[in-house]
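J.: What follows is a structure written as structure tokens; I'll ask about it next.
The values are calculated or read from the model by the stated rules, or taken from the named source; none is laboratory data. Predicted model only: the values in this text are computed from it and were never measured. FYI the Cβ positions are ideal-geometry reconstructions off the backbone, even for glycines, and counts take in every protein chain you see. Note: accessible area is taken over every heavy atom of the protein model, side chains too, but ligands, DNA and RNA are not part of it. Shrake-Rupley method; radii C 1.70, N 1.55, O 1.52, S 1.80 Å.
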Amino acid sequence: MSEKIGVYVCHCGTNIAGTVDVEDVAKWAAEQLKHRGVVIARDYKFMCSSLGQELIQKDIQELGLTRVVVAACSPHLHERTFRTACKNAGLNPYLCELVSIREQCSWIHADKVVGTEKSKAILSGGVERVIWHEALEPLRVPIHPATLVVGGGIAGIQAALEIADAGFPVIMVEREPSIGGHMAQFDKTFPTLDCSACILTPKMVDVGNHPNIKLLSWAEVTKVDGYVGNFQVVVKQKARCVVTELCTGCGICVEKCPKKVVDDVFEAGLGKRKAIYTPFPQAVPKYPVLDRENCTYFIKGTCKACEKFCPTGAIDFNQKDEYLQFDVGQIILATGWELFDVRRIPQYGYGRLPNVLTSLEFERLSNAAGPTGGKIVMKDGVTAPKSVGIVHCVGSRDKNYNAYCSSICCMQSLKFAHLVHERTGAEVHNFYIDIRTPSKGYEEFYQRLLEEGTHFVRGKVADITNSVRLPGEEGKLVIQVEDTLIGKQRRIPVDMVILSAGLEPRHDTKEVARLFGLSCSADGWMIERHPKLDPVATMTDGIMIAGCLQGPKDIPASVAQGAAAAARVVGKIQQKEISIEPVRATVNQDKCSGCRICNNLCPFNAILYHEDRMVSEVNPALCQGCGTCVAACPAGAITGTGFSNEQVLAQIEGLLMLNVKRMETIPA
Amino acid sequence: MTDTFEPTIIGFTCNWCSYRAADMAGTARIKYAPNVRLIRLMCSGRLDPTFVLKAFASGADGVLVSGCHPGDCHYVEQNYKAMRRFYLIKRLLAQMGIEPGRIKLLWASAAEGAILANEINKFTEEVRALGPLHWNPTQGIEAPAHAQPLVEVTA
């Protein structure tokens, strides 16, 4: 029995009809593709409208169509719409093909003859392809109710709490001794100037106390196996040298530890911590971590002050790293960001000039719990600066470093300017390229800063130096800048410079991506499934991303993403099982020679080799449907559903009008 | 003949980057050569060398292979596999007497609609300069015996 194909050509108002003679295309299809099974070809103003869909559904029911081809917009826009329409009329949705004559034809051509001819070719390709379509059913797999959250910054915390509050188990893994992330380092948050710790620590405590959350700090994920609904993860619990069951978090060990170490992580190098430490007083969990690299006992073999003074005998120098295995259904990654290394711009003098600070250093300097108790002072530790320069876009919006805008630096710099004003009364110069204040309350904050008398100089800073050229520059840091609003070079002497450094992906984001089977953009941020319509999902089913690892963003956006990722996760858990697109590879075991060429091609480890039968098999839940193995199989034993050889080869013939041409060459 | 010759090019694009780049070029109303007809694959790694030969055998004058930039593949690294295969195909074609300039590999991210359009224009001109391939039996002067009509498809 031949297929009965229905062809539907959309006008899309004038979007298609403007450069394509839509009626001619439909008429042509009805006549010239009749021998290929086209029984009806219609054109309609808006195929995606409910009336357009009804047209298809009526034909399926009345004419008994077995295949449907819609020539309209990109399948990324309306493939689902037309598939659903077919499904509702009783036709398997995968027997419908949407070909794009808008994005790939009418919108890119001006000539109507050219547009019409190309539309016919594209449609013809679709008709040939659809003949080879198969009725497919989405795959269904059960889902494990537990979720792994990687990263305990604000995005991860929000996601974990949302899921746990919904009643499902969460395993949170944090690399540092405490959760809290970068937000815990800040003093104030823009634009409301809320105290960061006051809004963050209650959430941290909730995570620590939540009966549904298992918190593993000082731990890292080392292995991820499995697929959506059924991941097996291995977490390395680094040895704390503190028995958490015995530790009360009293802090005596920290107090008694004689070894002081510069804290490059939490204090951004400005302050010191002990060899046994909690990074900050409100740390969650409260148990300290013994830094074995710097501990006197581990270096010299004597000391043990912490063990001596611990009232509960919780110190255990022999503790070893442990590897814990968990089954989880889904994973949320929220591993955050890292500060651009300002040393890469040597002309800004960081590391050479003592009073040039990074933004994170200033956060600690201005923090009431920081090394100076929140006093904004210069490197001598006592003198307050009389004038401060804040340089925006350090390492961002700069072709030499990162082309992207780090999104938070404008507001952060405004916040710094306000804090300097408020606490020291110093004069503040902000050096900016553009001021970007697009979120709620941000522009108002900028206006407030203008009223406070902060100076704004529009121009990219060329140089920061301590070499004196003009009177008044002695003992100062001189900022050399072209003020582009007055078109003049200026030298502005200040006491302190804050470099508002950009946000960068963490240095090991690529390794994390590899571990979880994800991908990173050229900038190094993790790629979401869709930049606009699916910003928290990834190309790997069951793995979500939230917060700054997806791209620079502020706290409200990170929280929103954390919550959004959690909502997606909870929604799936509640369905108990999930359906997966059936675009998958399958191995015909009779044809498979067991050569194993395909085995190593799969980045998802979806291809299993059965030693006993000497054949390969694809795990459909792990397979992502890229089709690389299909193309590689020398025996032609692997089929890619949805993109089979027959479908693609037929489409090639159709696109080149071989179907029509052959009819012409064959004598009637 | 060369004055009026309009080459036909089959373009293989991946679902995630290059097809979306084509979508983007369309959305941005960037006008480019109408000679290319695109086929969407899930990944450039799906490109079976047979597809390229089939395209040439069916009357295409050029073949464009397009995928995500190296490192950006939505299937982690499958575009590298496409790249390996591409150079193999190119050598194979040369052995069959097809100019290597008739096949082109192009990385285009979903944001690079303008680049894709520009490269398609350039490639079209390159293929136009090479002239028609005449590999398609039905287009040639004598239709060889192996040019069978498409087999009636039965369900």
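J.: If I filter the stretch B:14-21 for residues that are touching a residue at least 60 places away in the same chain (Cβ under 8 Å), more than 9 Å from every other protein chain (Cβ to nearest Cβ) and among the aliphatic types (A, V, I, L, M), do I get at least one hit?
T.: Among the residues of the stretch B:14-21, at least one is touching a residue at least 60 places away in the same chain (Cβ under 8 Å), more than 9 Å from every other protein chain (Cβ to nearest Cβ) and among the aliphatic types (A, V, I, L, M), which makes the answer yes.
J.: Can you name the residue in the stretch A:617-662 that is open to solvent by 30 Å² or more (accessible area, probe 1.4 Å) and of a type in the set (Asp, Glu) and, of all such residues, is nearest to the chain's Cα centre (by Cα)?
T.: A:Glu617
J.: Follow-up question, since we're still on this one. Give just the number: which of (1) touching a strand residue (DSSP E or B) at 6+ places or on another chain (Cβ under 6 Å); (2) open to solvent by 10 Å² or more (accessible area, probe 1.4 Å) does B:Glu77 not satisfy?
T.: Unmet for B:Glu77, out of (1) touching a strand residue (DSSP E or B) at 6+ places or on another chain (Cβ under 6 Å); (2) open to solvent by 10 Å² or more (accessible area, probe 1.4 Å): (1).
J.: Taking into account only those residues within the stretch A:135-152 that are hydrophobic (A, V, I, L, M, F, W, C) and part of a loop (DSSP other than H, G, I, E, B), which is nearest to the chain's Cα centre (by Cα)?
T.: A:Ala146
J.: Okay, moving on. Tell me which residues, restricted to the stretch A:263-280, are modelled with pLDDT under 95, aliphatic (A, V, I, L, M) and more than 18 Å from A:Glu174 (Cα to Cα).
T.: A:Ala268, A:Leu270
J.: Here's something else I'd like to know. Given the residues B:Gly11, B:Gly62, B:Gly101, B:Gly45, which is the only one that is more than 7 Å from every other protein chain (Cβ to nearest Cβ), of a type in the set (Gly, Ala, Ser) and over 25 Å from A:Lys112 (Cα atoms)?
T.: B:Gly101
J.: Here is a follow-up. Could you grab me the full set of residues in the stretch A:397-407 that are closer than 28 Å to A:Gly453 by Cβ and surrounded by fewer than 24 Cβ atoms within 10 Å (Cβ to Cβ)?
T.: Correct list: A:Arg397, A:Cys405, A:Ser407.
J.: Continuing with the same structure: Tell me, please, whether a residue that is within 30 Å of A:Arg292 (Cα to Cα) and either acidic (Asp, Glu) or in contact (Cβ under 8 Å) with a residue 60 or more places away in the chain (or both) can be found in the stretch A:102-123.
T.: Checked against the condition, which is being within 30 Å of A:Arg292 (Cα to Cα) and either acidic (Asp, Glu) or in contact (Cβ under 8 Å) with a residue 60 or more places away in the chain (or both), the stretch A:102-123 yields no hits at all.
J.: Next question. I'd like the full set of residues that are open to solvent by less than 20 Å² (accessible area, probe 1.4 Å), among the hydroxyl-bearing types (Ser, Thr, Tyr) and outside any helix (DSSP H, G or I), limited to the stretch A:438-459. Spell out the reasoning first.
T.: First pass over the stretch A:438-459, keeping only residues open to solvent by less than 20 Å² (accessible area, probe 1.4 Å): A:442, A:445, A:449, A:454, A:457, A:459.
Adding the requirement that they be among the hydroxyl-bearing types (Ser, Thr, Tyr) leaves A:442, A:454.
Across the stretch A:438-459, the qualifying residue is only A:Thr454.
J.: Within the stretch A:77-108, track down each residue that is in a helix (DSSP H, G or I), surrounded by 19 or more Cβ atoms within 10 Å (Cβ to Cβ) and at the interface with chain B (Cβ under 9 Å from one of its Cβ atoms).
T.: A:Arg102, A:Glu103, A:Gln104, A:Cys105, A:Ser106
J.: If you don't mind, another one. For the list (1) aliphatic (A, V, I, L, M); (2) more than 11 Å from chain B (Cβ to nearest Cβ); (3) in contact with a Ser or Thr (Cβ under 9 Å, 6 or more places away or on another chain), I need the number of the one condition that A:Ile40 fails.
T.: Checking A:Ile40 against (1) aliphatic (A, V, I, L, M); (2) more than 11 Å from chain B (Cβ to nearest Cβ); (3) in contact with a Ser or Thr (Cβ under 9 Å, 6 or more places away or on another chain), the one that fails is (3).
J.: If A:Ser467 satisfies every condition in (1) buried (at least 19 other Cβ atoms within 10 Å of the Cβ); (2) hydroxyl-bearing (Ser, Thr, Tyr); (3) part of a loop (DSSP other than H, G, I, E, B) but one, which is the exception?
T.: Of the numbered conditions (1) buried (at least 19 other Cβ atoms within 10 Å of the Cβ); (2) hydroxyl-bearing (Ser, Thr, Tyr); (3) part of a loop (DSSP other than H, G, I, E, B), the odd one out for A:Ser467 is (1).
J.: Looking at the stretch B:45-61 only, could you name the residues that are open to solvent by 10 Å² or more (accessible area, probe 1.4 Å) and among the aliphatic types (A, V, I, L, M)?
T.: Matches in the stretch B:45-61: B:Leu53, B:Ala57.
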